[in-house]
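Colleague: So that we are looking at the same thing, I have put the structure below in structure tokens.
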Amino acid sequence: MQTPLTEGPSATAEDPPLHLPQGGVLRQVQGRISVRSRGQGLYDVTRDVAAWVAHQQMTTGLLTVFCRHTSASLIIQENADPDVQRDLQSFFRRLVREDRSQYRHTLEGDDDMPAHIRSALTLVQVSIPVAGGKPAFGTWQGLYLFEHRTAPQERELLLHLLGA
């Protein structure tokens, strides 16, 4: 008989205990994904991340994706209607204006300090459960790199998977 990994007050009678796969051993692995942006916008990295997870041959676990930059971020957002992405971009442009007169840090361009602020308002790290060997996104969810700079950039995402 296998010992459950977790059981506790949050478990309900309908929830089966979580078990390691037969003969499973917890392991962890790290990887990187490079994303070339074309300037400000949302770049869907869901397929690349899912392919990397599948290659690791783990059926259950927790995936952490970390954006190694201070002027880009990560968001999990609807992937069905492109208007959602356009509305998000418009909202952040209105919220954090690219007006050089508002900032002290201007050495790297008019868009740099606003990019840092937009990044601070979103996330640079997300955790995603892995179930059945795949990231457990909801039906309409996708993972996006949110590029906040206007010029094309080469971005790096660090992936860490702990599971079995």
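Colleague: Peptides 44-55, 93-104: what's the order by average Cβ count within 10 Å, highest mean first? All intermediate terms of the calculation are to be shown ahead of the outcome.
Modeller: Working: 44-55: 16.3, 93-104: 11.8.
Packing proxy ranking, top to bottom: 44-55, 93-104.
Colleague: Mean Kyte-Doolittle of at least -1.0 and a Cα length of 24 Å or more along the axis: which whole DSSP H helices of the chain meet both? Numbers along the way, then the final one.
Modeller: Details: long enough: none.
None pass (Cα extent of 24 Å or more, hydropathy at least -1.0).
Colleague: Just to be sure I understand, if you calculate log10 I(q)/I(0) by the Debye sum over Cα atoms at q = 0.09, 0.15 Å⁻¹ for this structure, which of [x] -0.38, -0.85; [y] -0.32, -0.91; [z] -0.32, -0.83 do you get?
Modeller: Correct label is [x].
Colleague: Follow-up question, since we're still on this one. Give, as ranges by residue number, the residues of region 109-125 whose backbone N falls under 12 Å from the point 7 Å along Cα→Cβ of A151.
Modeller: 109-112
Colleague: Check K134: other-chain or 5+ apart residues with amide H under 5 Å from its amide H, H built from backbone geometry?
Modeller: none
Colleague: How far is it, in nm, from the label point at T64 to the one at V84 when both lie 7 Å from their Cα along the line to the Cβ?
Modeller: Result for the modelled spin labels: 2.6 nm.
Colleague: Testing the spin-label approximation: label points 7 Å from Cα along Cα→Cβ at Q77 and F91. State their distance in nm.
Modeller: 0.8
Values in this text are rule-based calculations from the coordinates and carry no lab data. All values reported here derive from a predicted model rather than from experimental measurement. Cβ atoms come from the backbone with ideal geometry, glycine included; neighbour counts cover every protein chain shown.
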